[in-house]
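Inspection log for the structure reproduced underneath, given as structure tokens.
The values are calculated or read from the model by the stated rules, or taken from the named source; none is laboratory data. From a predicted model like this one, the values you see are computed outputs, not experimental measurements. Cβ sites come from the backbone with ideal geometry, for glycine too, and all protein chains shown count toward neighbours. Note: accessible area is taken over every heavy atom of the protein model, side chains too, but ligands, DNA and RNA are not part of it. Shrake-Rupley method; radii C 1.70, N 1.55, O 1.52, S 1.80 Å.
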Amino acid sequence: MNILHELQSRFAAALADLTDNPEPFAAMVRPSQDGKFGDFQANCAMPMAKQNGVNPRELALKICERLNVSDLVEPPEVAGPGFINLQLKDDFLLAEVQRSFSDERLGVARVNTPKDIVLDFSSPNVAKPMHVGHLRSSVIGDALQRTLKFLGHRVISDNHTGDWGTQFGMIIYGYKNFVDSAAYEKDPVAELARLYRLVNSLSEYHSAVSGLPGLEERLKAAKSELLFNEGNADPADKKAKKALKKQRSEVQSLESKIEGQRAKIASVESDPELKALADAHPGIARSARDETARLHAGDPENLRLWKEFVPECVESLNRVYERLDVHFDKTLGESAYQPLLSDVVADLKAKGLAKESDGAICVFIPGNAAPFIVQKADGAFTYATTDLATVQFRVREFDANSMLYVVDARQSEHFKLLFETVRLWLGVEVELVHVSFGTVMGDDRKPFKTRSGDTVGLESLLDEAVSKAREIVASNDDSKTDEDGRPTPELDESTRDEISQIVGIGGIKYADLHHNRESDYVFDWDKMLAKTGDTATYMQYAYARIQGIFRRGEVDVEALRQHDTPILIEEPAERSLVLKLLRFEEALDAMASEYRPNILTQYLFELAGELTTFYDRCPVLKAEEERVRTSRLKLIDFAGRVIRQGLDLLGIQVCDRM
Ligand code: ARG
């Protein structure tokens, strides 16, 4: 049961004859920050009273008279200017905890009205190695997939891979000109990745060489303008100060752009072999674009190469997904929609939504400066066209009434235009959400790169996480001692390996999930694998500690679960733990309605905190009375199951010993 929702709906009923629009006021029932104001608190009387010009305290008393909550809470108390404090009845808590303890779903109900959701996540561009940027979409998307499914929604997860984009032109050009056949034989994906990087760096080199003088001109002009303005600006003039600030940041951004371009040039020129290749292929960027165009036009040779490359690339992606334990119901790449694109454009035109502009076909959305380009002047369809076809397909084939896109925040403009266009075009009731996320940063607060400046490959990142976890697991085990201080390590090598996988991969996932997804975050190994703090490791230890108590007490857990001694609430720490456990559904509902995994990590972190307090105050194995011991064992078993289930919904595993 979602207790918060239950209270809110009781409030909505009570408020119905006091206001026309009770819902937003009912939503003002919240968990209390401080136990002395009860377990939950309603703050609706104040704003409602203001609206109606009445006394808030009196209104609060009126609300209480109308409230029908006596099965759940003690008589509500009105405090201060009109806060309504609600204390759950212990009888209610006891009945709920008993019911939830015996329930496989730990008391979590399925939603009443399941949605048909297509969840578009991970969706990397294939033929480029996966990097740390792909982690976020994969990990956040998977947590949503698991949680939404658990709550009873019908979810189709779809890995919308970029398997038809311009990277193929680059690879095809690279393959035709630079392939190392032996290397390709041995490891095609690695060789294709090398070719991609090579073609990319040569194209970037030429574009840097030709763009640099212009940039330098602009910098010179910006600097002299700044100098002039600095000399003339009135320090008291706020507007002028603001303008100066803007100019300074322009200068800075030009400087860093130039620095970047120079680095690209230097990286080629410092290597004579590369430089020779660059000189021999001056028009490489254009040629690569031509290869893409030929592929899209159905050129047999390019199509043959594409068909050879794609399965290899998908195979290598699957290796990463396997390690991450991330799975999809569908993998429908962009290429699957190609046959549909001309119809999409024709339909948009027929409905008067798309028209020609400078040779391109565009959808203009009222109130939006940028058009949504669905066909370029050269006839090529775009990312936008593919996404429109995809929406239509998902509505038709999957009856979807909700589509979630777990994609980098930098694509927010694209999704805004996509959603607006879909609303005008299809006129169907479908929830469209860009579940956007920020960037993973390095120590330098710039997008996370290796020391050589490459983006960090996902596979090597996972390897590193596991090897770091291995050290932590080993040193923790080696430091275990008996009462006389003699070492008592308990894990053999293969168990240590297994645990390291779980801790390492879990650590990376949790570190990502516990941030507000919209924020950028700094990738930090030490914080990620710390044994205390808001980490997977901490949660995994909390779980293992519970299993350790069962081992030490030689508790038969199956028998414990059948035991008829009820769970007792006699100590405040017990009550507090019970209440937290009963709020699991509330956390899942909130996470699923805002698509924010950090709501669940926050809940689990707080739960682990409650557990620590509980151990401090309430001996378990050493409890004096048998009934108390049994009750407390049941409580920690319940807590362990909530932690395991909660982590599982985040895609993180646990171990019985660590
Ligand atoms: N392949 C795209 C990229 O790597 C992301 C695709 C997201 N999904 C979508 N339907 N547009 O940027």
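Taking the range 421-437 as the range and being over 14 Å from S122 (Cα atoms) and either of a type in the set (G, A, S) or in contact (Cβ under 8 Å) with a residue 60 or more places away in the chain (or both) as the test, the residues that pass are T421, L424, W425, G427, E431, V433.
Pairing residues of the range 155-176 that are without any contact (Cβ under 8 Å) to a residue 40 or more places away in the chain with residues that are open to solvent by 10 Å² or more (accessible area, probe 1.4 Å) and near the ligand (Cβ under 10 Å from one of its atoms), at Cβ distances under 8 Å and at least 6 apart in sequence or on separate chains, gives no pairs at all.
The C-beta contact set for the range 407-420 (first residue aromatic (F, W, Y), second residue open to solvent by less than 30 Å² (accessible area, probe 1.4 Å) and near the ligand (Cβ under 8 Å from one of its atoms), distance under 8 angstrom, 6+ apart or interchain) comprises F415/Y405; F415/V407. Pairing residues of the range 326-348 that are of a type in the set (F, W, Y) with residues that are within 15 Å of the ligand (Cβ to nearest atom), at Cβ distances under 6 Å and at least 6 apart in sequence or on separate chains, gives F328/S157; F328/N159; Y337/T386; Y337/A389; Y337/T390.
Is it the case that A542 is at pLDDT 95 or above, open to solvent by less than 50 Å² (accessible area, probe 1.4 Å) and either more than 32 Å from the chain's Cα centre (by Cα) or among the polar types (S, T, N, Q) (or both)? Taking the combined requirement at face value, the residue does not satisfy it. All of V440, V428 fail the test of being surrounded by fewer than 19 Cβ atoms within 10 Å (Cβ to Cβ) and among the hydrophobic types (A, V, I, L, M, F, W, C), apart from V428.
Taking the criterion of being open to solvent by 40 Å² or more (accessible area, probe 1.4 Å) and outside any helix (DSSP H, G or I), the residues of the range 512-533 that qualify are H514, H515, N516, E518, S519, D520, V522, D524, K531, T532.
Selection over the range 621-636 of residues that are open to solvent by 10 Å² or more (accessible area, probe 1.4 Å) and within 25 Å of F605 (Cβ to Cβ) gives a count of 1. Over 30 Å from R657 (Cα atoms) and either modelled with pLDDT under 90 or open to solvent by 30 Å² or more (accessible area, probe 1.4 Å) (or both), is that true of R451? Yes: the conditions hold for R451.
Would a scan of the range 83-102 turn up a residue that is out of contact with any Cys (no Cβ under 8 Å at 6 or more places or on another chain) and within 16 Å of the ligand (Cβ to nearest atom)? Looking for residues that are out of contact with any Cys (no Cβ under 8 Å at 6 or more places or on another chain) and within 16 Å of the ligand (Cβ to nearest atom), one finds none in the range 83-102, hence no.
Residues in the range 1-32 that are over 28 Å from R110 (Cα atoms) and open to solvent by 50 Å² or more (accessible area, probe 1.4 Å): D17, D20. Of the residues making up the range 489-511, just one is more than 30 Å from G438 (Cβ to Cβ) and crowded, with 20+ Cβ neighbours inside 10 Å, namely I499. Looking at the range 103-121, which of the residues that are of a type outside the set (D, E, K, R) and buried (at least 17 other Cβ atoms within 10 Å of the Cβ) is nearest to the ligand (Cβ to nearest atom)? Out of the qualifying residues, it is F121.
Every condition in (1) under 18 Å from E315 (Cα atoms); (2) polar (S, T, N, Q); (3) within 15 Å of the chain's Cα centre (by Cα) holds for Q167 except the one numbered (3). The residues of the range 245-270 that are within 15 Å of V209 (Cβ to Cβ) and surrounded by 11 or more Cβ atoms within 10 Å (Cβ to Cβ), listed by number, are K257, I258, G260, Q261, R262, A263, K264, I265, A266, S267, V268, E269. For residues in the range 33-61 being small (G, A, S) and open to solvent by less than 30 Å² (accessible area, probe 1.4 Å), which is farthest from L4 (Cα to Cα)? Of everything passing the filter in the range 33-61, A49 is farthest from L4 (Cα to Cα).
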